[in-house]
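The values are calculated or read from the model by the stated rules, or taken from the named source; none is laboratory data. These figures come from a predicted structure and were not determined experimentally. Backbone-built Cβ (ideal geometry, glycine too); neighbour counts: all protein chains shown.
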Amino acid sequence: MMSKELSWLSFNARVLQEAEDPQVPLIERVRFMGIFSNNLDEFYRVRYADVRRLAVFSRGSEKASYEKLLDDIRDAVGDLQLRFDRVYRTSLAELRKYNIYLIDETQLQPHQREFVTKYFFSRVLPELSPLLISESAAVPQLDDGSIYLADFYEQYIAHGQHYQSQIDPSTGRIYRLRGARSRDRSCALQLQHGRHAGEPGRGPSVRRAARGP
């Protein structure tokens, strides 16, 4: 009998299947990708977290059963993520045919980079609430409805420490760049966080960054 967690992932796989279908209009496929991602965020906040707690506090064969379920979940999610990455790349290529671009910080033109820098320090940085996490301190309470960016800083590598920045939920993850003329260009917020959080005179240098819901 399939567990309710794996059954739920099977349902989300059907959502992803709609995003993979070339017969579905492009904009609808993009929406299905967004639904798939939001579903997976919620799955990890609620269902996966519950199974992890059960695995920690259970004993004997019951503990082994929950640990096996965690492995099965990771395998299933890994396969889904590979499928998502493929359809995401395909969709980006198709969007470019309509002059719609989702770009990263390496593709910014000089005037766009100037706008992004000003936007980050005027709109994003004031909304950040940095949390220092280390092996010697307890992990702080995290809010389910917030966006978190985990950064590993060079100055703290020897101590195994990293910062986790909490962003106000009202701050969007994607924003439109100005001066794009006939092309609609947007950039992901977390990419700019990783770019600017470690600038000289503004804080420790970022070694790597990752987003969390």
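Give the number of residues within the range 39-61 that are surrounded by fewer than 14 Cβ atoms within 10 Å (Cβ to Cβ) and more than 16 Å from Glu5 (Cα to Cα).
Here the count works out to 5.
Which condition from (1) touching a strand residue (DSSP E or B) at 6+ places or on another chain (Cβ under 7 Å); (2) in a helix (DSSP H, G or I); (3) not assigned by TED's automatic domain parsing to the domain that holds Gln17 is the one that Phe115 breaks?
Unmet condition: (1).
Restricting to the range 86-104, count the residues that are touching a helix residue (DSSP H, G or I) at 6+ places or on another chain (Cβ under 6 Å) and surrounded by fewer than 16 Cβ atoms within 10 Å (Cβ to Cβ).
Looking only at that region, the number is 2.
Within the range 72-122, can you find the residues that are under 18 Å from Leu9 (Cβ atoms) and more than 21 Å from the chain's Cα centre (by Cα)?
Selection gives Asp72 alone.
Taking the stated definitions as given, is Val15 more than 18 Å from Ser3 (Cα to Cα), surrounded by 15 or more Cβ atoms within 10 Å (Cβ to Cβ) and under 20 Å from the mean Cα position of the chain (by Cα)?
yes
Within the range 17-25, can one find any residue that is touching an Asp or Glu at 6+ places or on another chain (Cβ under 8 Å) and of a type in the set (S, T, N, Q)?
no
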